[in-house]
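*Asks:* Below you will find the structure I want to go over with you.
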Amino acid sequence: MSSLAIAKTDTATDATPGTGRRPPLRRRIALIPTVTLLLGALYCLLPVAWVVIASTKSGSELFSTFTFLPGSGFTENLSDLSAYRDGVYWQWMANSALYAVLGALLSTAVSSFAGYALATYRFRGRETMFNVLLAGVLMPPVILAIPQYLLLAKADLTDSYLSVLLPQILSPYGVYLARIYAAAAVPGDVVEAGRMDGASEWRIFTRIALPMMLPGLVTVFLFQFVAIWNNFLLPYIMLSDDEKFPITLGLYTLLEQGSNTPALYTLVITGAFLAVLPLVALFLVIQRFWSLDLLSGAVKS
């Protein structure tokens, strides 16, 4: 085949859309990641969409047909959920908010201290300690649940709010993220300049390092908040008083009762929908913070 014929063939292959010709092979291959991401998003969002729609249906609508059309029973479901056992659902929500907010704040504080120390100071056993933290990241929580219960039982703290809060304060993954972010965001020259100016180590940390680490600490807070909000195993082992249950354990007990009383299934679905809303709101707020921080960093640079 002559070079002129090959050039014509290549030109025909690279034809633009709308001419009736097939798009080039490179463009078709580039569509594969996009299609894969769309399918993954559909797989993740489809159950959430079903919960949102199912929460609007009454008991008869929920069990009679399976459609993605909204129903007319959301107000009634919400009223029944609020009236169930004198509003114990909202007590569960308040408990989850307490566990998640306080636990995430304390965990973020501990992670910031430990991460900054591991990234800034040089001391014997630093790398060993960091490797132990990495091993803690790989440790499944189910392995630690029983030892934690035995330790807290010795201290007579089981079936209390502290039995759920205390094990959540130290997060190996949070310390790991804080250390990596502190090493990248806090230059050693800045720390040395603060020391030369006579600033104490605490002042350097709070006034210089902490603002630089703030975006990473917000990420640690988000991860810990979501992990504590969704935690089921630890409260299940530690708590016996249902008025101290978080929302996950409360909905589980409600679902167990639904096996004998099918009418409670609508309450479980409505409660699950409401339990997701704080996580969505938190993610939207923190996403806005991330955007603002990136913009401010671009301006400073």
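The values are calculated or read from the model by the stated rules, or taken from the named source; none is laboratory data. Computed from a predicted structure; not experimentally measured. Quick reminder, even Gly has a Cβ in these numbers, built from the backbone with ideal geometry, and neighbours come from all protein chains shown. Note: areas computed on protein heavy atoms with side chains; ligands, DNA, RNA excluded. Shrake-Rupley method; radii C 1.70, N 1.55, O 1.52, S 1.80 Å.
*Asks:* Out of all the residues in region 33-50, which are touching a residue at least 40 places away in the same chain (Cβ under 8 Å) and of a type in the set (F, W, Y)? So that I can check it myself, show each step before the final result.
*Replies:* Quick first cut of region 33-50, residues touching a residue at least 40 places away in the same chain (Cβ under 8 Å) only: 48.
Scanning region 33-50 gives no hits.
*Asks:* Okay, next question. Scan region 50-72 residue by residue and report those that are assigned to a loop (DSSP other than H, G, I, E, B) and farther than 19 Å from L254 by Cα. Working first, answer last.
*Replies:* Of region 50-72, the ones assigned to a loop (DSSP other than H, G, I, E, B) are 55-58, 65-72.
Within region 50-72, T65, F66, T67, F68, L69, P70, G71, S72 qualify.
*Asks:* Follow-up. Does region 130-142 contain at least one residue that is surrounded by 14 or more Cβ atoms within 10 Å (Cβ to Cβ) and over 21 Å from the mean Cα position of the chain (by Cα)?
*Replies:* Yes, region 130-142 contains at least one residue that is surrounded by 14 or more Cβ atoms within 10 Å (Cβ to Cβ) and over 21 Å from the mean Cα position of the chain (by Cα).
*Asks:* Check whether at least one residue in region 132-141 is farther than 22 Å from V226 by Cα and in a helix (DSSP H, G or I), and report yes or no.
*Replies:* Restricting attention to region 132-141, the residues satisfying the condition of being farther than 22 Å from V226 by Cα are 132.
Now drop any that are not in a helix (DSSP H, G or I), which leaves 132.
Yes, region 132-141 contains at least one residue that is farther than 22 Å from V226 by Cα and in a helix (DSSP H, G or I).
*Asks:* Would you check if S79 is open to solvent by less than 20 Å² (accessible area, probe 1.4 Å), assigned to a helix (DSSP H, G or I), on the phi < 0 side of the Ramachandran plot and not aliphatic (A, V, I, L, M)? Show your work before the answer.
*Replies:* Values: open to solvent by less than 20 Å² (accessible area, probe 1.4 Å): no; assigned to a helix (DSSP H, G or I): yes; on the phi < 0 side of the Ramachandran plot: yes; not aliphatic (A, V, I, L, M): yes.
No; evaluated as a whole, the condition is false for this residue.
Residues are listed down the side, and each one gets a yes or a no for (1) open to solvent by 70 Å² or more (accessible area, probe 1.4 Å); (2) in contact (Cβ under 8 Å) with a residue 40 or more places away in the chain; (3) basic (K, R); (4) over 16 Å from P246 (Cβ atoms):
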residue	(1), (2), (3), (4)
V52	no, yes, no, yes
T56	no, no, no, yes
T75	yes, no, no, yes
A100	no, yes, no, no
T120	no, yes, no, yes
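*Asks:* Is it the case that F232 is at pLDDT 90 or above and buried (at least 17 other Cβ atoms within 10 Å of the Cβ)? It would help to see each step written out before you state the result.
*Replies:* Details: at pLDDT 90 or above: yes; buried (at least 17 other Cβ atoms within 10 Å of the Cβ): no.
Judged against the criteria, F232 is not a match.
*Asks:* Tally the residues that are of a type in the set (A, V, I, L, M, F, W, C) and closer than 16 Å to G216 by Cα, restricting the search to region 161-176. Full working, then the answer.
*Replies:* Step one: list which residues in region 161-176 are of a type in the set (A, V, I, L, M, F, W, C), which gives 162, 164-166, 169-170, 175.
If we keep only those that are closer than 16 Å to G216 by Cα as well, we get 175.
The qualifying residues number 1.
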